[in-house]
Amino acid sequence: MASEILTPRLIEHLRRELRIDWHGIHGAAHWARVRWNGLRLAERTGADPRIVELFAFLHDSQRHHDGGDRGHGPRASAVAAELNGRYFQLDDGELELLSYACEQHTFGGTDAHPTVQTCWDADRLDLGRVGIRPDPARLCTDAARDPALLREAWARSLRGRPW
């Protein structure tokens, strides 16, 4: 599924600036699975798919390492603001949602705007890549707690591919 907002120019910029392994547990395959999860969820939650796609590719792009890098979300939020207008175009409200989703994604929250919730669930549904089965009680949306979707996301995260 082609994206109008995730341009080759944006992806090349992110790859060029990435400090961690492009093929690692927080790299491009993870981003693609988060996008896949997020777009499926957005169909049911009404989330803005452009923000979901940008979140998928930005949320871990500012990691300094694959360990407990607590500052990577706030750094991703700042980069989203820097890239807006150069690589994509969001209005102030849309950028605020993307920034908040990136900044807070590692802190375990569940109460937020539906687009932010969709972003967080999309990321949490890919925890199988690190051997953690997503806990429905820690997911934000009914769509993410759907048993069929949970099974599908779990299997995809274990395969290590976005499809």
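The values are calculated or read from the model by the stated rules, or taken from the named source; none is laboratory data. Here the structure is a predicted model, which is why all the values come from computation and not from measurement. Cβ sites come from the backbone with ideal geometry, for glycine too, and all protein chains shown count toward neighbours. Calculation scope for accessible area: heavy atoms of the full protein, side chains included, ligands and nucleic acids excluded. Shrake-Rupley method; radii C 1.70, N 1.55, O 1.52, S 1.80 Å.
Structure summary
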read-out: Residue check, Gln104 modelled with pLDDT of 95 or more, under 27 Å from Asp146 (Cα atoms) and open to solvent by 10 Å² or more (accessible area, probe 1.4 Å); value: yes
read-out: Residue match in segment 28-42 (condition: under 13 Å from the mean Cα position of the chain (by Cα), of a type in the set (Lys, Arg), open to solvent by less than 30 Å² (accessible area, probe 1.4 Å) and at pLDDT 95 or above); value: yes
read-out: Residue identified as among the small types (Gly, Ala, Ser) and out of contact with any helix residue (DSSP H, G or I) (no Cβ under 7 Å at 6 or more places or on another chain) among Ala122, Ala155, Ala144, Ala101; value: Ala155
read-out: Residue count for segment 151-163, restricted to those that are open to solvent by 30 Å² or more (accessible area, probe 1.4 Å), farther than 16 Å from Gly27 by Cα and not basic (Lys, Arg); value: 3
read-out: Filter pass, Val130 being exposed (fewer than 14 other Cβ atoms within 10 Å of the Cβ), under 29 Å from Pro8 (Cβ atoms) and among the hydrophobic types (A, V, I, L, M, F, W, C); value: yes
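So that you can scan it fast, the table gives a plain yes or no per residue for (1) open to solvent by 50 Å² or more (accessible area, probe 1.4 Å); (2) within 17 Å of Val34 (Cα to Cα); (3) among the aromatic types (Phe, Trp, Tyr); (4) at pLDDT below 95:
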{"site": "Ala47", "(1), (2), (3), (4)": "no, yes, no, no"}
{"site": "Leu83", "(1), (2), (3), (4)": "no, no, no, no"}
{"site": "Tyr87", "(1), (2), (3), (4)": "no, no, yes, no"}
{"site": "Glu96", "(1), (2), (3), (4)": "yes, no, no, no"}
{"site": "Pro114", "(1), (2), (3), (4)": "yes, yes, no, no"}
{"site": "Trp120", "(1), (2), (3), (4)": "no, yes, yes, no"}
{"site": "Arg124", "(1), (2), (3), (4)": "no, yes, no, no"}
{"site": "Ala144", "(1), (2), (3), (4)": "no, yes, no, no"}
